[in-house]
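*Asks:* This structure is in structure tokens; I'll ask about it shortly.
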Amino acid sequence: MKFVFFIIIFALILLLISFALAKILGFIFSKLCNEKPKKLRVLNATSTIIIFLSFIFYIFFYNPAKNYKTAFIEKNNNQYVITTIGRRNLMLHDPISAIKKGTYIDSAKFTVLKSNGIIKGKELPTDLGSYPTINNDAIIIKGNSLKINLIYYNFDDKVNKPNVWNGKYKLVKRNF
């Protein structure tokens, strides 16, 4: 119940800010163009809606988290370690954090037995307590390009989910 109340208050505050910005824009527009107040009501209403929807879009749909397009592969004894790096969202605990959209740098390491070709998801080692990958997924290495397409079975939710590191990367070899 508190969450619903908070969302309503937050939306009203955003609407109030949007209305204030629209009023300021309307005032500036009226001074520049010598428009009549009746025409400005439509402008104020339209501006309020557009600004409010822009705030909503930014808060709920803009996501600064991304994977960097470069991955690294290193030889480690008889195995190879692929490292991917990217930005992840900070956990949100308050409305200010939702607006700030903070991120941190994260990485993932995949241990594979070969440095070229198709590596099936089942060939990847799975630590005890980790979600296992399913049969139809793979890591594909061709020269300097890497494609990760891994799907894991989340046994808590009982669904298949794509790995957040899925995508195409430029592969940089280190310590070969």
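Every number here is computed from the coordinates shown, using simple stated rules; none is lab data. It should be emphasised that the depicted structure is a prediction, and the values quoted were computed from it without experimental measurement. So basically every Cβ, Gly included, is an ideal-geometry build from the backbone, and we count neighbours across all protein chains shown.
*Asks:* Just rank SER54, SER130, fewest to most, by other beta-carbon atoms within 10 angstrom.
*Replies:* SER130, SER54
*Asks:* Let me ask something else about it. What net charge do the residues around ILE134 carry, taking every other residue with its C-beta under 12 Å from that of ILE134, with Lys and Arg at +1 and Asp and Glu at -1?
*Replies:* So the surrounding residues net to +2.
*Asks:* Placing unit charges on C-beta atoms (Lys and Arg positive, Asp and Glu negative, everything else neutral), compute the dipole magnitude of the chain about its Cα centre in debye, rounded to 20.
*Replies:* So the dipole magnitude of the chain works out to roughly 700 debye.
*Asks:* Taking θ as phi - 60°, what are the ³J(HN,Hα) couplings along segment 139-153 by the Karplus curve (6.51, -1.76, 1.60), each to the nearest whole Hz, with x for Gly and Pro?
*Replies:* 10, 10, 10, 10, x, 9, 10, 9, 10, 9, 9, 10, 10, 10, 8
*Asks:* Please state the shape class of segment 53-151: rounded when a/c is under 1.5, otherwise prolate if a/b exceeds b/c and oblate if not, all from the C-alpha gyration tensor.
*Replies:* Prolate, since a/c reaches 1.5 and a/b exceeds b/c.
*Asks:* Rank these for me by crowding, ILE59, ILE96, ILE82, going from fewest to most other beta carbons within 10 Å.
*Replies:* Fewest-to-most ranking of ILE59, ILE96, ILE82: ILE96, ILE59, ILE82.
*Asks:* Okay, next question. Once you sort the root eigenvalues of the Cα gyration tensor of segment 62-103 as a ≥ b ≥ c, which label holds: rounded (a/c under 1.5), prolate (a/b larger than b/c) or oblate (the other case)?
*Replies:* prolate
*Asks:* Projecting each Cα onto the charge dipole of the chain (Lys/Arg +1, Asp/Glu -1 at the beta carbon, about the Cα centre), which of ILE24, ALA65, ILE140 comes out farthest on the positive side?
*Replies:* ILE24
*Asks:* Relative contact order, percent, of segment 66-174 when contacts are C-alpha pairs under 8 Å separated by at least 6 residues?
*Replies:* Once normalised by length, the contact order is 26 percent.
*Asks:* Can you divide the C-alpha Rg of the chain by 2.2 N^0.38 Å and report the result to two decimal places?
*Replies:* 1.58
*Asks:* Going by C-beta contacts inside 10 Å, put ASP94, ASP127, ASP137 in order with the fewest on the left.
*Replies:* ASP127, ASP94, ASP137
*Asks:* With respect to the cross-link table entries LYS75/LYS101; LYS69/LYS158; LYS120/LYS170; LYS23/LYS101; LYS75/LYS142, which display a Cα-Cα separation exceeding 25 Å?
*Replies:* LYS75/LYS101; LYS69/LYS158; LYS23/LYS101
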